[in-house]
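Engineer: Following this message is one structure expressed as structure tokens.
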Amino acid sequence: GRRRGNILCLAVAKGCDRVVNVLMSELLKLEFEKEDIGDIFLAKDVGGYSLLYAALRKGYGDVVTEWLTCLRSVELIVDADVLSEILLAKSSSGCPGIYMAFQEGRYKAVAAYYSAIKDFRLRPDLLRQILLIKNPPGFLGFSMALEVKHCNTVRAFLSALKDFSLEPELLREILLAKCDKDFPGLYVILQNGGYSDVIEAYLSGLKDLSI
């Protein structure tokens with residue numbers, strides 16, 4: 001009921017992954033119509049943000065893992081369009097939660113999100129959108145992480161990529177991480193004087209990828 005929903009919102013807000021796991025597991029044991037299951041995962045906090053968006057933006061990697069693990073258990077029940085809405089977790093302005101994690105350097109959330117995503121049976125177009133996540137103006141999340149020198153986020157994303165079976169062209173597009181002016185992310189870094197730590201993180205991450 002409403003009380004349980006309020007506790008769930010509070011658990012996400014405080015990053016209490018074990019409470020999230022218990023509450024979601026109990027909720028999903030109940031008999032719901034598939035529309036209601038979608039509504040559970042689209043629940044919003046007091047600020048009007050979806051709970052997955054909130055967890056991603058705050059960097060609560062364990063909460064993201066619990067949330068997506070529970071979603072994975074009902075993936076085949078939820079409509080494809082609803083699943084897409086849940087996973088993209090957009091704000092009212094249309095910015096995806098995982099983009100915010102890239103922008104703000106929430107590397108644990110980035111690692112947890114993509115680690116979970118690989119186990120979903122997503123449409124190719126949705127998987128592409130998630131791997132090439134952008135903000136409303138069209139700036140790539142990975143490109144943003146490079147530009148603002150979030151080394152751990154760069155490492156986390158590249159490490160997660162090795163567990164995906166991606167077409168070479170898609171992998172190439174991801175790794176180029178072009179900015180809004182169509183320059184590759186690494187070129188932008190070098191043009192700005194070079195950030196040795198983030199360049200090292202980027203090149204180190206390439207070693208484990210089949211390219």
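The values are calculated or read from the model by the stated rules, or taken from the named source; none is laboratory data. Note that the coordinates shown come from a computational prediction; the quantities given were computed from them, not determined experimentally. Ideal geometry is used to build each Cβ from the backbone, glycine not excepted, and the neighbour counts take in all protein chains shown. With ligands, DNA and RNA removed, areas are computed over all heavy atoms of the protein, side chains included. Shrake-Rupley method; radii C 1.70, N 1.55, O 1.52, S 1.80 Å.
Engineer: Could you list all residues from segment 105-117 that are farther than 24 Å from LEU28 by Cβ and open to solvent by less than 60 Å² (accessible area, probe 1.4 Å)? If you could, list the steps in order and put the result at the bottom.
Structural biologist: First, the residues of segment 105-117 that are farther than 24 Å from LEU28 by Cβ: 105-108, 110-111.
Those that are farther than 24 Å from LEU28 by Cβ and open to solvent by less than 60 Å² (accessible area, probe 1.4 Å): GLY105, VAL110, ALA111.
Engineer: Continuing with this model, one more query. Of all residues in segment 43-57, how many are surrounded by fewer than 20 Cβ atoms within 10 Å (Cβ to Cβ) and either part of a helix (DSSP H, G or I) or not hydrophobic (A, V, I, L, M, F, W, C) (or both)?
Structural biologist: Taking segment 43-57 first, the residues surrounded by fewer than 20 Cβ atoms within 10 Å (Cβ to Cβ) are 43-48.
Filter once more, keeping what is either part of a helix (DSSP H, G or I) or not hydrophobic (A, V, I, L, M, F, W, C) (or both): 44-45, 47-48.
Qualifying residue count, segment 43-57: 4.
Engineer: For segment 29-42, which positions are crowded, with 16+ Cβ neighbours inside 10 Å and either modelled with pLDDT of 90 or more or not β-branched (Val, Ile, Thr) (or both)? Talk me through it step by step, then tell me what you get.
Structural biologist: Here is the first cut: in segment 29-42, the residues crowded, with 16+ Cβ neighbours inside 10 Å are 37-38, 40-41.
Answer for segment 29-42, where residues must be crowded, with 16+ Cβ neighbours inside 10 Å and either modelled with pLDDT of 90 or more or not β-branched (Val, Ile, Thr) (or both): GLY38, PHE41.
Engineer: Continuing with the same structure: Search segment 133-165 for residues being within 12 Å of the chain's Cα centre (by Cα) and over 19 Å from ALA201 (Cα atoms), and hand back the single one that is least open to solvent (accessible area, probe 1.4 Å). Spell out how you get there, then give the answer.
Structural biologist: Taking segment 133-165 first, the residues within 12 Å of the chain's Cα centre (by Cα) are 133-134, 141-142, 153, 156-157, 160.
Checking which are over 19 Å from ALA201 (Cα atoms) leaves us with 133-134.
Values: ILE133: 5, LYS134: 102 Å².
Top of the filtered list is ILE133.
Engineer: Answer yes or no: is there a residue in segment 167-187 that is of a type in the set (Ser, Thr, Tyr) and over 26 Å from LEU71 (Cβ atoms).
Structural biologist: Step one: filter segment 167-187 for residues of a type in the set (Ser, Thr, Tyr), giving 187.
Filter once more, so that each one left must be over 26 Å from LEU71 (Cβ atoms): 187.
Yes; the residues of segment 167-187 include at least one that is of a type in the set (Ser, Thr, Tyr) and over 26 Å from LEU71 (Cβ atoms).
Engineer: While we're looking at this one, here's another question. Do we find a residue being of a type in the set (Asp, Glu) and modelled with pLDDT under 90 anywhere in segment 13-22?
Structural biologist: Our first condition is that a residue be of a type in the set (Asp, Glu); within segment 13-22, this holds for 17.
From the residues that got through so far, the ones that are modelled with pLDDT under 90 too are 17.
Yes, segment 13-22 contains at least one residue that is of a type in the set (Asp, Glu) and modelled with pLDDT under 90.
Engineer: Sticking with this structure for a sec: Do we have any residue at all in segment 80-102 that's modelled with pLDDT of 95 or more, open to solvent by 10 Å² or more (accessible area, probe 1.4 Å), part of a loop (DSSP other than H, G, I, E, B) and closer than 18 Å to ALA156 by Cβ?
Structural biologist: No, because not a single residue in segment 80-102 is modelled with pLDDT of 95 or more, open to solvent by 10 Å² or more (accessible area, probe 1.4 Å), part of a loop (DSSP other than H, G, I, E, B) and closer than 18 Å to ALA156 by Cβ.
Engineer: Let me ask another. Taking CYS179 as meeting all but one of (1) open to solvent by less than 90 Å² (accessible area, probe 1.4 Å); (2) in a helix (DSSP H, G or I), write down the number of the exception.
Structural biologist: Only one criterion in (1) open to solvent by less than 90 Å² (accessible area, probe 1.4 Å); (2) in a helix (DSSP H, G or I) is unmet by CYS179, namely (2).
Engineer: Can you spot a residue in segment 117-134 that is of a type in the set (A, V, I, L, M, F, W, C), in contact with a strand residue (DSSP E or B) (Cβ under 7 Å, 6 or more places away or on another chain) and closer than 16 Å to LEU88 by Cβ?
Structural biologist: Initial filter on segment 117-134 (of a type in the set (A, V, I, L, M, F, W, C)): 117, 120, 122, 126-127, 130-133.
Filter once more, so that each one left must be in contact with a strand residue (DSSP E or B) (Cβ under 7 Å, 6 or more places away or on another chain): 132-133.
Then keep just the ones that are closer than 16 Å to LEU88 by Cβ; that gives 132-133.
Yes, segment 117-134 has at least one match.
Engineer: Same structure again: Suppose the filter is closer than 13 Å to LEU209 by Cβ and either of a type outside the set (Asp, Glu) or outside any loop (DSSP other than H, G, I, E, B) (or both); does LEU122 pass it? Spell out the reasoning first.
Structural biologist: On the way: closer than 13 Å to LEU209 by Cβ: no; either of a type outside the set (Asp, Glu) or outside any loop (DSSP other than H, G, I, E, B) (or both): yes.
For LEU122, the condition - closer than 13 Å to LEU209 by Cβ and either of a type outside the set (Asp, Glu) or outside any loop (DSSP other than H, G, I, E, B) (or both) - is not met.
Engineer: Follow-up. Only residues in segment 136-155 that are over 16 Å from ILE199 (Cβ atoms) count as the first member; pair them with residues that are crowded, with 19+ Cβ neighbours inside 10 Å and modelled with pLDDT under 95, Cβ under 6 angstrom, at least 6 apart or cross-chain, and list the lot.
Structural biologist: If the second residue must be crowded, with 19+ Cβ neighbours inside 10 Å and modelled with pLDDT under 95, the pairs left are LEU140/ALA177.
Engineer: Right, something else. Inside segment 58-79, can you point out the residues that are open to solvent by 20 Å² or more (accessible area, probe 1.4 Å) and among the β-branched types (Val, Ile, Thr)?
Structural biologist: THR65, THR69, ILE77
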